[in-house]
Amino acid sequence: RRKKEKNETARLSLPGYDMFSDSFSINTLGVSGTVTVTSKDRHNPERVYSVNISRAPGIFARSLVLTITPTYIVMNQTGTTVSLRQIGSEEKITLQEGGYQAFHWMNKNAKHQVQVLLEETEYDWSEGVELVPSHHSLQLKHRVESKRDPRPRTNLEDPVEKEWSVIQVDISCVDSQCFVFIKKMDPTYLPFCLTNNTALDMITVIKDRKSTRLNSSHDQI
């Protein structure tokens with residue numbers, strides 16, 4: 001009877017980093033997961049990598065291939081320059097139209113959410129988005145340029161008339177790698193725009209299937 005092979009493991013580190021990642025398997029076919037490399041130096045970002053083990057092709061089929069790639073890849077499909085940053089961090093990455101780049105968490109103590117900024121428009125950073133498989137339509141708000149002439153950030157604009165007031169973020173994952181697509185919102189996909197401008201109320205809106213009427217209920221937070 002063939003002796004069962006022992007599971008072998010390895011750990012990752014990077015130049016300038018004083019810590020290794022947790023151990024992960026390097027000889028188990030089909031393994032797919034993520035590995036995080038951190039550092040005691042707060043200036044070093046928290047880097048997350050996707051690890052995949054597959055079989056080599058052709059005559060090398062008895063060998064296993066260990067592939068390590070960045071977990072998050074951001075792609076700019078908006079038609080303008082876009083920046084991304086982690087909530088709680090001032091450091092950002094900037095992508096030209098059609099550009100793509102790996103994204104890593106710059107602050108290990110902050111929320112693992114990203115914000116989007118359209119560099120060539122008058123809008124402020126978006127709300128935070130988690131990098132999990134999902135679709136987001138982000139309503140953008142005006143920057144406050146001057147204390148003398150502040151524009152209220154609660155004024156939300158019609159995305160049909162103001163084409164950059166809403167952007168689309170689509171996140172899809174293949175195995176353990178996530179692809180973040182930032183796109184310009186197509187107003188033809190917005191049959192109506194619903195906005196909650198109340199200060200303390202949570203509003204639930206249910207479309208009545210028997211008619212076009214909308215029912216709403218107000219719940220105090």
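The values are calculated or read from the model by the stated rules, or taken from the named source; none is laboratory data. Remember, predicted model here, so these are calculated numbers, not experimental data. We place every Cβ from the backbone using ideal geometry, glycine too, and count neighbours over all the protein chains shown. Quick note on the areas: whole protein, heavy atoms, side chains included, nothing else; ligands and nucleic acids left out. Shrake-Rupley method; radii C 1.70, N 1.55, O 1.52, S 1.80 Å.
Restricted to region 16-81, the set of strands (runs of 3 or more DSSP E) holding at least 2 residues that are buried (at least 16 other Cβ atoms within 10 Å of the Cβ) and among the β-branched types (Val, Ile, Thr) comprises 32-37, 47-55, 72-77. Given the structure, is residue 95 under 16 Å from residue 80 (Cα atoms) and modelled with pLDDT of 95 or more? So residue 95 passes the test.
Selection of region 125-154 for residues being at pLDDT 90 or above and either surrounded by 14 or more Cβ atoms within 10 Å (Cβ to Cβ) or within 14 Å of residue 84 (Cβ to Cβ) (or both) yields 125, 126, 127, 128, 129, 130, 131. Is it the case that some residue within region 112-121 is part of a loop (DSSP other than H, G, I, E, B), at pLDDT below 90 and open to solvent by 30 Å² or more (accessible area, probe 1.4 Å)? Looking for residues that are part of a loop (DSSP other than H, G, I, E, B), at pLDDT below 90 and open to solvent by 30 Å² or more (accessible area, probe 1.4 Å), one finds at least one in region 112-121, hence yes. Residue pairs whose Cβ atoms lie under 7 Å apart, separated by 6 or more positions or on different chains, with the first residue in region 34-48 and in contact (Cβ under 8 Å) with a residue 60 or more places away in the chain and the second open to solvent by 30 Å² or more (accessible area, probe 1.4 Å), are 34/49; 38/19; 38/108; 45/106; 46/36; 46/38; 46/108.
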